[in-house]
Every structure is written in C-alpha cells, then in structure tokens.
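Undergrad: Shown below is the structure under consideration.
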Amino acid sequence: MKRAPEVFFLPAGGEQRLCLFHAPVGTPRSCVLYLHPFAEEMNKSRRMAALACRALADAGHAVLQIDLRGCGDSSADFGDATWPDWQADVQLALRWLDSRHPGMPLWLWGLRAGALLAAGDWGRPVNFLLWQPMPSGKLALQQFLRLKLAAEMAGGGGKGLMEQMKAQLAAGEAVEVAGYRVHPALASGLEAARLTPAGPAGRVVWIEVSAQAGDTLKPASLQALRAWQEAGWTVGSQVVEGPSFWATTEIELAPALISATVEAL
C-alpha cells in the first residue's frame, strides 16, 4: 500500500509555504528537493512531479516538494513574488531537510526554469537533477513573454508589444502574461539566472524528453554540460522518449523520464 505524503506548511517570515514530504521506508539514501517550473508549467507538471516523487521515495530517497512564494497554496500572490523570495524559499526547504535528515547526500531537482533556480552555490555540497533544463534565464523570460505576444498577434495586434513589456519591467512596473502578473524583481532575477556550475563539485544528472525515439541532446545543452565537466562535476545525461508534459493542452505523462531518474540516482 502506498504511503500518502506528509502535507504541512513551513513558516516563512509571517507567511507560509505548502510542502509535501515523501518519506522512504527506513534511513534514506539521500534527500531530494523538488523545485517546480514557472507559472502555468507548474500546474501542467504536478502529476508528473507527484509520480516521480513517489517513485524516488520507493527507491529510498526522502523527497520534499515546496510551493514557492505566490505559487500553488503558498502565501502571497504570484505577482508579489521576486526571485530573491524564491531563493529564500530554497534555503528554507534545505534547512527543513537538514533538520529531518542531517548529514544526508542532497539533490536539488529542478524542472525547466526550476533548474535555473536550483543551480547555485547553496553553501554546502549538493548534486543536481535537471529535467529539461533551460540553460538561460533570459531565454526563459523571452519564451514566457511571447505567450502574450502570440495571443495579441492572433487578435491582429502585438506590434511593438515585446519592447513595451520589456520597457515596463525595466521601469519597475509589473506585466501581465497569460493571467500571471510578473513582478519586475522576478523578471530581472530570472533573466539574470544562468545554468552554470557553482559551489563544490558534485554530480549532475541532466535528462531531457523528446517525442522522437533515439533523439540526442541539442548543441546548447551539450555546451552547458561541458562547462560543468570542465569545473570538475561528474555529469550524466540522456534523452528519453515522451511528451512535453509541462506545455501540453491535456495533462500528459512521461514514464520513461521517471524510470531514468530513479535509475540515475
């Protein structure tokens, strides 16, 4: 019988963050912190993340999910969240894992823009599990802003809209895209984020999905991985067959991604 995750709220400076903890049976092999992707991609990915968390727990890993500030059932509105807020949430979650299972090997697991949030120097040795990572935060922000551009162009508008949105953000004004109000300090933090090695060298597991069987990593991904290898990290990468579940209209699953993840860790 599957064990239900432990659901609780972590206090966060007068607010609270929703967390789900998937405990293994016995002493864990490692602790894993899942960092969800940006905006609507988080909702599209919830089912895949839940299944992967359960699979990792069954394989002996202690897995913590956290809804970042303004996301899911955590405090504040999405439009109030900033990149430093989310970095503080990562530290909050890491401290909780330290208190629950001190001294365990630690993995930061990020999906899409969550990988950009994960990659950093957290003041301790960490390993990285990266699902369909975005090598550049600038690219991630542009892709998100294009959602509004596409919607406006479908209605016959959109001329000069990208420049207008960037000017608003640069002036310290929020922009609204696909129903999400984006704080300028969230946009600037995301735009500045880079998927580059930092902190003590450990392990990196980089897994992408493709609708085509036998597909290989794109040149941008290979270039990013070379930088990790040159910095002394032990790198493993692969492409598995599956849908782009974070962006599909209906909720879809990529079972091969879960299997590859459990095997890699």
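The values are calculated or read from the model by the stated rules, or taken from the named source; none is laboratory data. Here the structure is a predicted model, which means the values were calculated and not measured. As a convention, Cβ positions derive from the backbone with ideal geometry for all residues, glycine included, and neighbour counts pool all protein chains shown. Each accessible area value is taken on the protein alone, full model and side chains, heavy atoms only, with ligands, DNA and RNA left out. Shrake-Rupley method; radii C 1.70, N 1.55, O 1.52, S 1.80 Å.
Undergrad: Could you check, for the range 131-141, whether at least one of its residues is open to solvent by 30 Å² or more (accessible area, probe 1.4 Å), closer than 19 Å to P84 by Cα and over 16 Å from the mean Cα position of the chain (by Cα)?
TA: No, the range 131-141 has no match at all.
Undergrad: Let me ask you something else. So which of D121, D89, D58 is charged (D, E, K, R) and modelled with pLDDT under 95?
TA: Working: D89 fails: modelled with pLDDT under 95; D58 fails: modelled with pLDDT under 95.
The conditions single out D121.
Undergrad: Right, another one. What's the total number of residues in the range 46-71 that are within 21 Å of L186 (Cα to Cα) and within 14 Å of the chain's Cα centre (by Cα)? Please lay out each step first, then the result.
TA: First, pick out the residues of the range 46-71 that are within 21 Å of L186 (Cα to Cα): 65-71.
Subsequent filtering for residues that are within 14 Å of the chain's Cα centre (by Cα) retains 65-69, 71.
Selection size over the range 46-71: 6.
Let's see how each residue does on (1) of a type in the set (A, V, I, L, M, F, W, C); (2) without any contact (Cβ under 8 Å) to a residue 60 or more places away in the chain:
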position	(1), (2)
A4	yes, yes
F8	yes, yes
A12	yes, no
F21	yes, no
G26	no, yes
L33	yes, no
H36	no, no
E41	no, no
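Undergrad: So in the range 179-208, with the set limited to residues that are in contact with an Asp or Glu (Cβ under 7 Å, 6 or more places away or on another chain) and more than 15 Å from D77 (Cα to Cα), which one is surrounded by the fewest Cβ atoms within 10 Å (Cβ to Cβ)?
TA: A198
Undergrad: Among the residues of the range 63-82, which ones are farther than 20 Å from Q132 by Cα and touching a Leu at 6+ places or on another chain (Cβ under 7 Å)?
TA: Filtering the range 63-82 down to residues farther than 20 Å from Q132 by Cα leaves 69-82.
If the condition is that a residue be farther than 20 Å from Q132 by Cα and touching a Leu at 6+ places or on another chain (Cβ under 7 Å), then G72, D73, S74, A81, T82 are the ones that fit.
Undergrad: Among the numbered criteria (1) without any contact (Cβ under 8 Å) to a residue 40 or more places away in the chain; (2) open to solvent by 60 Å² or more (accessible area, probe 1.4 Å); (3) out of contact with any Pro (no Cβ under 9 Å at 6 or more places or on another chain); (4) under 23 Å from E152 (Cβ atoms), which single criterion is violated by A171?
TA: Among (1) without any contact (Cβ under 8 Å) to a residue 40 or more places away in the chain; (2) open to solvent by 60 Å² or more (accessible area, probe 1.4 Å); (3) out of contact with any Pro (no Cβ under 9 Å at 6 or more places or on another chain); (4) under 23 Å from E152 (Cβ atoms), the lone unmet condition for A171 is (3).
Undergrad: While we're here: Give the range 26-40 a look and list any residue that's assigned to a loop (DSSP other than H, G, I, E, B) and hydroxyl-bearing (S, T, Y), or say none. Working first, answer last.
TA: Filtering the range 26-40 for residues assigned to a loop (DSSP other than H, G, I, E, B) gives 26-29, 36-39.
Within the range 26-40, just T27 meets the criteria.
Undergrad: Just the residues that are over 18 Å from the mean Cα position of the chain (by Cα), under 18 Å from F8 (Cα atoms) and not polar (S, T, N, Q), please, taken from the range 72-96.
TA: A76, R95, W96
Undergrad: Right, another one. Listed residues L97, L51, L92; which is farther than 23 Å from A193 by Cα, out of contact with any His (no Cβ under 9 Å at 6 or more places or on another chain), aliphatic (A, V, I, L, M) and open to solvent by 10 Å² or more (accessible area, probe 1.4 Å)?
TA: On the way: L97 fails: open to solvent by 10 Å² or more (accessible area, probe 1.4 Å); L92 fails: farther than 23 Å from A193 by Cα.
Every option except L51 fails the conditions.
Undergrad: Of all residues in the range 222-255, count the ones that are open to solvent by less than 40 Å² (accessible area, probe 1.4 Å), out of contact with any Pro (no Cβ under 7 Å at 6 or more places or on another chain) and touching a residue at least 40 places away in the same chain (Cβ under 8 Å).
TA: Selection size over the range 222-255: 2.
Undergrad: Among the residues of the range 58-74, which ones are in contact (Cβ under 8 Å) with a residue 40 or more places away in the chain and crowded, with 18+ Cβ neighbours inside 10 Å?
TA: Result: H61, A62, V63, L64, Q65, I66, D67, L68, R69, S74.
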